[in-house]
Structures are given as C-alpha cells and as structure tokens.
Amino acid sequence: MSTTNTDTPRTLTLKPIVMFPQIVLGLNIVRPFPDPAFHWFLFVANPMSIQGEGTKLHVTDSKNGVWEFEVVTNFTINSSSEAITTALIIGEIPEGKLKDVTGLIDICEHQIKLNEVPAADKGKEPKFTCRVWMKEAVRCLNAAGYLRCADVDELEKEAIARGCAALEEIDGIDALDIPCNKPSTCISC
C-alpha cells in the first residue's frame, strides 16, 4: 500500500492542457491510502486560455455541515495548490452557447438541491457529498445537452479508479503528468 504524504509539495500537471470548450470532471486528493478520498469538481477553461485558466464549479461543506455551491473564476487547473489526480473530459459547451459558462453555472447552481441526496441516488448514498453533487450535475448537464453520459455510476467508478491509480503513481515522487482524456462512459465529447 502507498503511504502518500499530501503535505509534501508535488508538481502534478495535466497533459494535454484543458482547452475551451471542454468540460472536465476533476478529482483532488483529500486523503491518501489506505482509505483514499477525493474532492470532486467541474472545470471549464476560458476561451483564450493557454495554460488551463478557467472556472471551477463545486460544492464545499462548511464547518456546520451545510454544503454550498461555489464558482471559482480565474482558477488555473495546472497550478492549483490542490493535488489533482484525475481529469476526465466529459463534454463540451455546445456551439450555440460558446460565449461563456453562464448556462453551465445556472444548471449546476439552480437545478441541483444542495444538502439532499437526489432521487436517482436514494438508497445508494447515505448523505450528500461533493461526489453525490457531481453525479447529479452530470445528469443535469446530460439532460441539457452539454454532455452525453450513458451511465453516471460507471463514470463515478472510472473516476475513482483513475484517482486511485494516480495516487499509486505519485507515491514517493515529486512530479507527474496526469493524463486529461475522455472516460469510456461519455460519448461524443
């Protein structure tokens, strides 16, 4: 088993760099092995970005246990202080909506109830988390035509597997190129 130390600064970069209009599902290391945990987020690069600058969408839990939706503009996915382990291109902003990410933000902010397990996950998920939010975001973006994901649960499994594989690779090294590619569960991205 790995004994990754998340206190050690690491250089983890995405190859190739995320480009607009790609929509990326990303995972950051929260806790390493033996019981790994990840923070789940969406990212869209700015139209003029050359280094992976863009907008991060995610939910964060406050000290009192309430989850809040957050939009981080001017976020650079390749120089984040958070160690990214997985980046999956899950879709693209549709051609008619290429001006900005406002539509994507509106869907994620207004169509997903926070602090409540979605109907599709009732019985499978004991509580609301950033991972549960991500699965519902994928469902909503799928319905809105931003991506086509045949099976959200399979996408989740693939993201976790890739995150764990990256944790294995980064154990004991200071730099790693993280592949940014399409998951097998999303089509026509």
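Here are some notes:
- Any hit, the range 130-150, residues being loosely packed, with under 14 Cβ neighbours inside 10 Å, of a type in the set (A, V, I, L, M) and modelled with pLDDT of 90 or more: yes
- Of the candidates Val152, Val117, the single residue that is on the phi < 0 side of the Ramachandran plot and over 18 Å from the mean Cα position of the chain (by Cα) is Val117.
- Residues being under 12 Å from the mean Cα position of the chain (by Cα) and assigned to a helix (DSSP H, G or I) are represented in the range 136-143 by at least one member.
- Pairing each residue of the range 137-151 that is touching a residue at least 12 places away in the same chain (Cβ under 8 Å) with any residue that is surrounded by fewer than 17 Cβ atoms within 10 Å (Cβ to Cβ) and among the β-branched types (Val, Ile, Thr), provided the two are 6+ apart or on different chains, yields C-beta distances under 6 Å for Arg148/Ile187.
- Selection of the range 31-60 for residues being more than 15 Å from the chain's Cα centre (by Cα) and not in a strand (DSSP E or B) yields Pro32, Phe33, Pro34, Asp35, Pro36, Asn46, Pro47, Met48, Ser49, Ile50, Gln51.
- Selection status of Ala119, among the small types (Gly, Ala, Ser) and either touching a residue at least 60 places away in the same chain (Cβ under 8 Å) or more than 23 Å from Gly54 (Cα to Cα) (or both): yes
- Among residues of the range 13-67 being hydrophobic (A, V, I, L, M, F, W, C), modelled with pLDDT under 80 and closer than 25 Å to Cys149 by Cβ, the one that is surrounded by the most Cβ atoms within 10 Å (Cβ to Cβ) is Val18.
- Any hit, the range 48-62, residues being under 24 Å from Ile17 (Cα atoms) and of a type in the set (Ser, Thr, Tyr): yes
- Residue that is nearest to the chain's Cα centre (by Cα) [pool: residues in the range 120-131 that are in a helix (DSSP H, G or I) and over 9 Å from Trp67 (Cβ atoms)]: Arg131
The values are calculated or read from the model by the stated rules, or taken from the named source; none is laboratory data. All figures in this text were calculated on a predicted structure; none of them were measured in a lab. As a convention, Cβ positions derive from the backbone with ideal geometry for all residues, glycine included, and neighbour counts pool all protein chains shown.
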